[in-house]
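Take a look at the structure below.
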Amino acid sequence: MRPNNLENYWMPFTSNRDFKADPRMIASAKGMYYKSSDGRQIMDGTAGLWCVNAGHAHPKIVEAVTKAVQTLDYAPGFNFGHDGAFELSNRLAQIFPENINHFFFTNSGSEAVDSALKIALAYHRCRGKGTKTRLIGRERGYHGVGFGGISVGGLVKNRMYFGSLLNGVDHMRHTHNPDLNGFSRGEVEHGYELAEDLERIVALHDASNIAAVIVEPVAGSTGVLPPPKGYLKRLREICDAHDILLIFDEVITAFGRLGCATASDYFDVEPDIITFAKGLTSGVVPMGGVGVKDEIYQTMLDNADAPIELFHGYTYSGHPLATAAALASLDAYVEDGMFENVNNLSEHWADCAHALKGLEHVTDIRTIGLVAGIELASRPGAVGARAYDVMKAAWEKGLMVRVTGDVLAFSPPLIINKQEIEQLFETTADVLRKVL
Ligand SMILES: Cc1ncc(COP(=O)(O)O)c(C=O)c1O
């Protein structure tokens, strides 16, 4: 076969120069493993990009999508409907928090976030509180790459190249404190009081100008930061006190990553809006969405000043292939007991991850659910270089690792077993012993 010219494809979030000099090509995938184009088996330590929760090529999902494409390849979502989108919304209402029963569909997490921010603004305006327009995010937050998402997000590189972003945005302080919370399992002990930073922002701008606060319940892309104990509950209280919407960005936490349908369930805190994507379809067809509490939906329907209550939507909102993949994924999670598997294995997962403490360069390890972040000391003047080399060496040894800065982030498919967990961290340890 004629090898492809690698130049034409502009790869996302990738050093194109480095990759094209030394490509890592994936040919196929099944269950916990990829096969590289040179025929090697590679364990998926990251569920792709935190999305292939049911494992690769799950027969139920493959069958559902195959059937869907043969039956209804596309249906417009504006002014027309199809059963899949309604059925999926019914199913999500059953597993999402009690008051979150209305769902808007997108194609990605980024679009879910931008949709949620727009819904928050439109909702306040609709109820006669049109001055509530400010959006509050958090330092180190990741909410995708749309202009809304990077504006409320707090990762410098994702913001600094793209101009002045949305105006009227402010950020709370991040919760990372390795001196006090180093080598943590689950929620961290210290940092509850950082929720009060929202009060500082309210005092500065006045609540009458603030629409919503958005946070990841567990910050993922910045390098796995579980929240401090009680922090999310306190954010909820402050939002309630000031009539501010609380948005949980659950793009990585929903659909079993913490052993529950949502992180809201895991932490027992109910937000007003939840954004989700990834595990919804187990990554098989792109899809995301926004779940809103009844009061938001009802207010918009009762008070909208035009027949169309929300002037927002995508050509592919509720795409039939995506809804088929999502329904089959939700079935697979239940029938194969995948969330239970996470709960049964999360202690062993944490034990194996924390066994890497003491290896050279390892400065912190953080675990929660089926997630682990292993932080490495940065090489002087070259933040991220060491973890990047670990990622490349792990690929050679048959393990896919995700890196963000100098943190190795692990989030395997929820079908992983005990031996595979051991293998994953043993391989990582081997690599860490070799990478200088
Ligand atoms: C918390 C969070 N929000 C939003 C996104 C963006 O999702 P997508 O890449 O599907 O646009 C991500 C992606 O990793 C995420 O982790």
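The values are calculated or read from the model by the stated rules, or taken from the named source; none is laboratory data. As the structure is a computational prediction, the values presented were derived from the model and not from experiment. In this analysis, Cβ positions are derived from the backbone assuming ideal geometry, glycine residues included, and neighbour counts consider all displayed protein chains.
Taking the stretch 365-380 only, how many residues are part of a strand (DSSP E or B) and of a type outside the set (D, E)? Quick ask: steps written out before the conclusion?
From the stretch 365-380, those part of a strand (DSSP E or B) are 365-368, 371-376, 379; that's our starting set.
Next, from what is left, pick out any that are of a type outside the set (D, E): 365-368, 371-374, 376, 379.
Result for the stretch 365-380: 10.
Could you tell me which of the residues F267, F255 is over 26 Å from I210 (Cα atoms) and among the aromatic types (F, W, Y)? If you could, list the steps in order and put the result at the bottom.
Numbers: F267 fails: over 26 Å from I210 (Cα atoms).
Result: F255 is the single residue among F267, F255 that is over 26 Å from I210 (Cα atoms) and among the aromatic types (F, W, Y).
Restricting to the stretch 39-54, and then to whatever is in a loop (DSSP other than H, G, I, E, B) and of a type in the set (A, V, I, L, M), can you tell me which residue is nearest to the ligand (Cβ to nearest atom)? Before you say what the answer is, go through the steps one by one.
The first filter runs over the stretch 39-54 and keeps only residues in a loop (DSSP other than H, G, I, E, B), leaving 39-40, 45-46, 51-54.
The next check asks that each one be of a type in the set (A, V, I, L, M); those that pass are 52, 54.
Numbers: V52: 13, A54: 17 Å.
Taking the candidates together, the pick is V52.
Would you please name the residue that is farthest from the ligand (Cβ to nearest atom), looking only at residues in the stretch 190-209 that are out of contact with any His (no Cβ under 7 Å at 6 or more places or on another chain) and of a type in the set (A, V, I, L, M)?
Top of the filtered list is A203.
Output the residues belonging to the stretch 238-264 that are charged (D, E, K, R) and either within 16 Å of the ligand (Cβ to nearest atom) or touching a residue at least 24 places away in the same chain (Cβ under 8 Å) (or both).
D243, D249, E250, R257
If I filter the stretch 15-26 for residues that are under 24 Å from T262 (Cα atoms) and either among the hydrophobic types (A, V, I, L, M, F, W, C) or not in a loop (DSSP other than H, G, I, E, B) (or both), do I get at least one hit?
Taking every residue of the stretch 15-26 in turn, none turns out to be under 24 Å from T262 (Cα atoms) and either among the hydrophobic types (A, V, I, L, M, F, W, C) or not in a loop (DSSP other than H, G, I, E, B) (or both).
If we scan the stretch 114-121, do we find a residue that is at negative phi, outside the structural domain of W349 (by TED's automatic domain parsing), in contact with a Ser or Thr (Cβ under 7 Å, 6 or more places away or on another chain) and within 16 Å of the ligand (Cβ to nearest atom)?
Initial filter on the stretch 114-121 (at negative phi): 114-121.
With outside the structural domain of W349 (by TED's automatic domain parsing) added as a condition, the list becomes 114-121.
Then keep just the ones that are in contact with a Ser or Thr (Cβ under 7 Å, 6 or more places away or on another chain); that gives 115-116, 121.
From the residues that got through so far, the ones that are within 16 Å of the ligand (Cβ to nearest atom) too are 115-116.
Yes, the stretch 114-121 contains at least one residue that is at negative phi, outside the structural domain of W349 (by TED's automatic domain parsing), in contact with a Ser or Thr (Cβ under 7 Å, 6 or more places away or on another chain) and within 16 Å of the ligand (Cβ to nearest atom).
Just one of K132, K118, K157 is surrounded by 18 or more Cβ atoms within 10 Å (Cβ to Cβ) and either farther than 16 Å from I296 by Cβ or in contact with a helix residue (DSSP H, G or I) (Cβ under 8 Å, 6 or more places away or on another chain) (or both); which is it?
Only one candidate passes the filter, namely K132.
When the stretch 202-226 is examined, which residues are found to be of a type in the set (S, T, Y) and under 18 Å from L246 (Cβ atoms)?
The answer is S208, and nothing else.
Could you pull out the residue among F105, F78 that is loosely packed, with under 14 Cβ neighbours inside 10 Å and not in a helix (DSSP H, G or I)?
So the residue among F105, F78 that is loosely packed, with under 14 Cβ neighbours inside 10 Å and not in a helix (DSSP H, G or I) is F78.
Identify, from the list G153, G77, G84, G141, the residue that is touching a residue at least 12 places away in the same chain (Cβ under 8 Å), away from the ligand (no atom under 16 Å from the Cβ) and more than 25 Å from A304 (Cβ to Cβ). Can you show your working first?
Numbers: G153 fails: away from the ligand (no atom under 16 Å from the Cβ); G77 fails: more than 25 Å from A304 (Cβ to Cβ); G141 fails: away from the ligand (no atom under 16 Å from the Cβ).
Being touching a residue at least 12 places away in the same chain (Cβ under 8 Å), away from the ligand (no atom under 16 Å from the Cβ) and more than 25 Å from A304 (Cβ to Cβ) holds for just one of G153, G77, G84, G141, which is G84.
If you take the residues of the stretch 87-113 that are within 16 Å of the ligand (Cβ to nearest atom) and out of contact with any Ser or Thr (no Cβ under 7 Å at 6 or more places or on another chain), which of them is nearest to A304 (Cα to Cα)? Please lay out each step first, then the result.
Let us first name the residues in the stretch 87-113 that are within 16 Å of the ligand (Cβ to nearest atom), namely 104-113.
Cutting the leftovers down to out of contact with any Ser or Thr (no Cβ under 7 Å at 6 or more places or on another chain) gives us 107-108, 110-111.
Details: N107: 25, S108: 26, S110: 26, E111: 23 Å.
It comes out as E111.
Only one of these is surrounded by fewer than 22 Cβ atoms within 10 Å (Cβ to Cβ) and assigned by TED's automatic domain parsing to the domain that holds N167: A211, A241. Name it. Lay out the reasoning, then the answer.
On the way: A211 fails: surrounded by fewer than 22 Cβ atoms within 10 Å (Cβ to Cβ).
Answer to the check: A241.
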